[in-house]
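Take a look at the structure set out below.
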Amino acid sequence: MIGETGNPVTITGLGCNVPERVLSNDELAQFVDTSDEWIRERTGIRQRHMASKEEALSDVSLPAARRALEQAGSDGSDIDLLIVATVTPDMAFPSTAAILADRLGCTHAAAYDLAAGCTGFVYALAQGYGMVAAGLSKRALVVGGDLLSRILDWDDRSTLVLFGDGAGAVVLEAAPEQGFLGFELGADGAGGENLWLPGSGSRLFDDAERYVKMNGREVFKFATRVLVQSAEDIMERCGVTIDDVDVYVPHQANVRIIDHATKKLGVPSEKVVVNVDRYGNTSSGSIPLALADGVADGRIKPGALVLMTGMGAGLTWGSALMRWTT
Ligand code: ACO
């Protein structure tokens, strides 16, 4: 799916949150046969945050949502749509969106979860945009977050070292100036088994697997391909070139994947937001956490053209091109 946007909608609030506990590479080396050196060299990750046993996704997302609402000058009662992009909801139902809606006092909101792997936040942005642009929603809260530490196999070094827990949130509203220029979203279910959680739904397996399984090399090849293709497609569709882009916010999976996409696209490194070293891959939390870092370091400011591209389980990918207006 690809398209330029219609009625103007923008982000009016942004917030993010990670659990307090920081887990270093050396600590992980106590669980599996790995080393700080291997992890840094192959992924660029130095540390990640991990939720405590008491915390669920709604607990980690709540401060992020509150910060986004505060920046937008809204409170829960102003929100009429709440989408949570995640593959690690508190439970299958009620949705984490419904739980959050209750805790935020969103008494007039439609609330549901959306699953598109690590691309979930970009999918949810596109959906929120569509609802607000069509006039169905006046003020939407879009949350992206995951506690992947809950579904990792703590005996599998090939996946354990990559992921972290975290969440981010944005408020979307109709605006005089257009924020979103266009979206490109895609999925390739044929590659689904390269990154999957087989025993997590209605498909019955003889030997149900409750943990993430990944073919790292195939996901690496897929990621380097779609990050470039999706970005090029949306820029062409919206009539901009890479030189027009002020800030590039790729999914934070692996610094080598980001470097590859950055080189292929021809983005100078000073325009690229990278925080995978501090957070690991937080799945649906990755892009909003990186947006917040770009704002904090002054690169994402009013007028900046921001290109975001996510990719993940499904296999899925998605890009959003937006003019930052907040
Ligand atoms: N520590 C030490 N050694 C390790 C580790 C580890 N944590 N993991 C794997 N190895 C070993 C392997 O066993 C292998 O050993 P062998 O040569 O004796 O067989 C060796 O290191 C090299 O393994 P490769 O898989 O070739 O390593 P590669 O350089 O490809 O890096 C990695 C692996 C980091 C997983 C890479 O393939 C990658 O980043 N893939 C993409 C993963 C990704 O982004 N996933 C998230 C997608 S988004 C979502 O929706 C969740």
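The values are calculated or read from the model by the stated rules, or taken from the named source; none is laboratory data. This structure is a prediction, so every number in the text was calculated from the model and none was measured. Every residue, glycine among them, receives a Cβ derived from its backbone with ideal geometry; neighbour counts consider all protein chains shown. Ligands, DNA and RNA are stripped out before the accessible areas are found, and what is left, the full protein with its side chains, is counted by its heavy atoms. Shrake-Rupley method; radii C 1.70, N 1.55, O 1.52, S 1.80 Å.
Normalised by 2.2 N^0.38 Å, where N is the number of residues, the alpha-carbon radius of gyration of the range 180-323 equals 1.10.
Packing around the peptides 5-17, 191-203, 249-261, taken as the average count of other Cβ atoms within 10 Å per residue, puts them in this order, highest first: 249-261, 5-17, 191-203. How large a share of the accessible area of the chain, in percent, is made up of carbon and sulfur atoms when the probe is 1.4 Å and the other protein chains stay in place? Heavy-atom surface of the chain belonging to carbon and sulfur, 1.4 Å probe: 49 percent. A straight line joining the Cα centroids of the range 40-80 and the range 10-27 runs 6 Å.
Electrostatic bookkeeping for residue 117 treats Lys and Arg as +1 and Asp and Glu as -1; over the other residues with beta carbon under 15 Å from its beta carbon, the sum is -4.
For the range 199-262, applying the loop criterion from DSSP together with a ceiling of 12 other beta carbons within 10 Å to the chymotrypsin sites (Phe, Trp or Tyr not before Pro) yields 205. Relative protection proxy for 135-147, 36-48, 90-102, 233-245, from highest mean packing down: 135-147, 90-102, 36-48, 233-245 (other beta-carbon atoms within 10 angstrom). Expressed in Å, the radius of gyration and Dmax of the Cα atoms of the range 2-174 are 17.4, 54.
Put simply, when 18-29, 170-181 are sorted by average Cβ atoms within 10 angstrom per residue, most first, you get 170-181, 18-29. Comparing mean-square fluctuations of 185, 265, 57 from a GNM of the chain with C-alpha springs under 10 Å, the top value falls on 265. Taking label points 7 Å from Cα along the Cα-to-Cβ direction, residue 301 and residue 188 give a separation of 3.9 nm. What distance in nm lies between label points placed 7 Å from Cα along the C-beta direction at residue 264 and residue 154? Between residue 264 and residue 154, the label points sit 3.6 nm apart.
Relative to the current alpha-carbon distance between residue 209 and residue 75, full extension at 0.36 nm per residue lengthens the span by 44.2 nm. Taking every protein chain into account, the accessible area of the chain amounts to 42 square angstrom per residue (probe 1.4 Å).
By the rule of a C-alpha distance below 23 Å, with chain neighbours fewer than 8 residues away ignored, the lysines paired with residue 271 are 263, 301.
Within the chain, DSSP assigns beta bridges of which about 70% are antiparallel (rounded to the nearest 5).
With each label modelled as a point 7 angstrom along the Cα→C-beta vector, the residue 241-residue 26 pair spans 4.9 nm.
Using the Cα coordinates of the chain, the gyration tensor eigenvalues translate into equivalent-ellipsoid semi-axes of 28, 23, 18 Å, sorted from longest to shortest.
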